[in-house]
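Undergrad: Pasting in a structure now, in structure tokens, and then I'll have a few things to ask.
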Amino acid sequence: MEKSTVLGTNRTGIDMSPIDIKEMVALSNATPSSSPGDEQAIAKMRREYIAGAGVIGSVPPPGTLKGMASTAMEKLAGKNPEAFIDKLGCRLAFERSGVRLYDALITKCSATVDQGHGIPLNTLRKFRDEEFRHFKLVEGAIRSIGADPTAQTPSADVDAMASIGLIQVLTDPRTSVAHCLEAILIAELADNDAWQLLIVLAEKMGMDEMAREFQTALQEEDVHLTHVRQWYKQMIMEDAAVAS
Ligand SMILES: [Fe+2]
Ligand SMILES: [Fe+2]
């Protein structure tokens, strides 16, 4: 495999110019902060914003309450369906993003196949298709309780914000396959944990059949995680020229 970590003219470190170190440190010690105070000032300002802020979003009321299966309604009675819908919406959005993450990884791996990274494209395509099926599975689950799968729930919004960096890593033309696998590993770790939580939540909401269907998705996610983790580890070890 071609090395993805190379030596070069990186000028960010102080050791690039040893004769200037003394002067640089002296200047840094002599230069006052650009603004007075300490971290308490920013904490105070954040507290003020928090006190005056509303919520980041809301869950729309199920639009087909009348048409909602009475069995689903009975099961959700006395519970807080919006909390469940919020997490379902979050999973839906994440699985959709997962498809896009794998699309980008497939492009990266196919464009760099001559580097001998050895990541099987067919396996990546299978994982991508499974993410899509999970998305459709959650869409059906949301519809089955009378909610709207096209609505962006608050948790979906927050998750999308947290994932922005991952898609940026995967679509940056300069990143290596190993960099991209690290980003996918972060996504798969979060994905795996979120499915486990959603399954417990579905069970507690009385949605046993839904929880069983989600279990099959989790089994596929387990396979994704195992493979991505192994590929990433192997690539890092090879890059460091040590045995994995
Ligand atoms: Fe997923
Ligand atoms: Fe996955």
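The values are calculated or read from the model by the stated rules, or taken from the named source; none is laboratory data. Remember, it's a predicted structure, so these values are computed and weren't measured experimentally. Methodologically, a virtual Cβ is constructed for each residue, glycine included, from the backbone with ideal geometry; neighbour enumeration extends over all protein chains shown. Surface accessibility is based on the protein's heavy atoms, side chains included, excluding ligands, DNA and RNA. Shrake-Rupley method; radii C 1.70, N 1.55, O 1.52, S 1.80 Å.
Undergrad: Considering only the stretch 43-54, how many residues are assigned to a helix (DSSP H, G or I) and open to solvent by less than 80 Å² (accessible area, probe 1.4 Å)?
TA: Number of matching residues: 2.
Undergrad: So, one more: Going through the stretch 103-146 one residue at a time, which ones are within 16 Å of ligand 2 (Cβ to nearest atom) and either among the β-branched types (Val, Ile, Thr) or in contact with a strand residue (DSSP E or B) (Cβ under 8 Å, 6 or more places away or on another chain) (or both)?
TA: ILE106, ILE119, THR123, VAL138
Undergrad: Run HIS134 past the list (1) closer than 30 Å to VAL177 by Cβ; (2) within 16 Å of ligand 1 (Cβ to nearest atom); (3) open to solvent by 60 Å² or more (accessible area, probe 1.4 Å) and report the number of the one that doesn't hold.
TA: (3)
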